[in-house]
Ligand code: NAD
């Protein structure tokens, strides 16, 4: 029997529809949550991400505020903008699209954002709060991955989870989230010894590496659940390109219990969770209540 294909696109569509419903149901005295997106330079992939974020923000009934700065922007100019957005009562969430041009220190910019408005969850205060088990704004891709895992498996307690990749954006926060769900959690990375054996011990494998189809069929034990965070563009035989994940989907799907496809798995969850964070940030900062499913 083959794996269940985890439909992240459908799950994200349900989540954004629910967000739209909640925003529409807010008291008329509450202005819609507002997300400010800052894009520096003209990176083609970033343009696509930002366009999608703006479109989905508006589809949810939230306000989108766009700031496009030239690639020559210096750090001081960007920090000035962040200060203005921090002080703007009409802004609930601030997202600075990464990567930033080389003259800008991305850590300094992220940590200049008011943690209450840090909807990417990258500020050290939110990183620390997540690690300490305190309410925080959680990075969107790992949170979306967790939602898919809980929807697939229910209670994760006691399961062995192996995360391949230790980035601040995906691997490390994913580990914190799985730990908080009472998984026995292992982070593997480029220096890990015998990665296939580590992965084979897992009930849950999360691949966040950025290497096309690195996780092979015999790295995943029968019945495991696989979350493929990777997005890699590869050349095909007919001269075209296609997107693949970090796992060898065709080799794993026949014996895994469930697996996310690429595209259509984790990717769509990231934007949905960004807007969930924007709504949460607005409710916490402006002190209004949300339904129980967003508490
Ligand atoms: P990153 O480059 O910051 O981190 C990659 C990690 O993989 C590192 O910790 C490194 O130690 C580990 N690694 C590298 N080579 C390895 C090897 N041979 N064996 C084991 N570990 C190895 O990447 P990231 O930002 O965490 O992104 C990972 C992937 O996820 C990329 O493909 C990226 O495009 C994708 N991504 C997708 C989304 C989404 O919305 N779906 C969001 C963020 C990232």
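We did not get these values from a lab; they are worked out from the coordinates using the rules stated. Just so we're clear, the structure is a prediction, and the values are computed from it rather than from any experiment. Methodologically, a virtual Cβ is constructed for each residue, glycine included, from the backbone with ideal geometry; neighbour enumeration extends over all protein chains shown.
Numbers at a glance
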| quantity | calculated |
| --- | --- |
| Sorted peptide list for 44-54, 247-257, 119-129, criterion being average Cβ within 10 angstrom, highest first | 119-129, 247-257, 44-54 |
| Largest-first principal axis extents of the Cα set of the chain (Å) | 53, 44, 37 |
| Ranking of 42, 66 by count of other Cβ atoms within 10 Å, fewest first | 42, 66 |
| Likely footprinting exposure, 286, 166, fewest C-beta neighbours within 10 Å first | 286, 166 |
| Distance in nm between pseudo-label sites at residue 189 and residue 157 (7 Å out along the Cβ direction from Cα) | 3.1 nm |
| Peptide ranges 106-113, 22-29 listed from the most packed, as the mean C-beta count within 10 angstrom indicates | 106-113, 22-29 |
| Where labels lie 7 Å past Cα in the beta-carbon direction, separation of residue 295 and residue 42 in nm | 5.0 nm |
| The range 140-267 - Debye-derived log10 I(q)/I(0), Cα point model, q = 0.19, 0.22 Å⁻¹ | -1.00, -1.36 |
| Global geometry of the range 240-291, whether rounded, prolate or oblate, following the gyration tensor of its Cα atoms and the 1.5 cut on a/c | prolate |
| Helix-derived mean residue ellipticity, 222 nm - over the chain, DSSP H n ≥ 4, -39500 (n - 2.57), to 500 | -11500 deg cm²/dmol |
| Alpha carbon centroid spacing (whole Å) that separates the range 149-194 from the range 46-60 | 28 Å |
| Residue-span extension gain [residue 236 to residue 77] - 0.36 nm each, minus C-alpha spacing | 53.0 nm |
| Full-extension gain in nm, residue 67 to residue 98, via 0.36 nm per residue minus C-alpha separation | 9.8 nm |
| Bridge type composition, the range 27-117 - antiparallel percent by DSSP, nearest 5 | 0 percent |
| Cβ-Cβ FRET estimate between residue 86 and residue 51, R0 fixed at 41 Å, reported to 0.05 | 0.95 |
| Fewest-first ranking of 136, 64, 201, using other Cβ atoms within 10 Å as the exposure measure | 201, 64, 136 |
| Three-way shape label, the range 90-148, alpha-carbon gyration tensor, a/c 1.5 | prolate |
| Gyration tensor (alpha-carbon) shape descriptor, the range 27-117, a/c threshold 1.5 | oblate |
| DSSP bridge pairs, the chain: antiparallel proportion in percent, nearest 5 | 10 percent |
| DSSP bridge pairs, the range 140-267: antiparallel proportion in percent, nearest 5 | 20 percent |
| Scattering curve values for the range 1-70, log₁₀ I(q)/I(0), Debye with Cα scatterers, q = 0.15 Å⁻¹ | -0.64 |
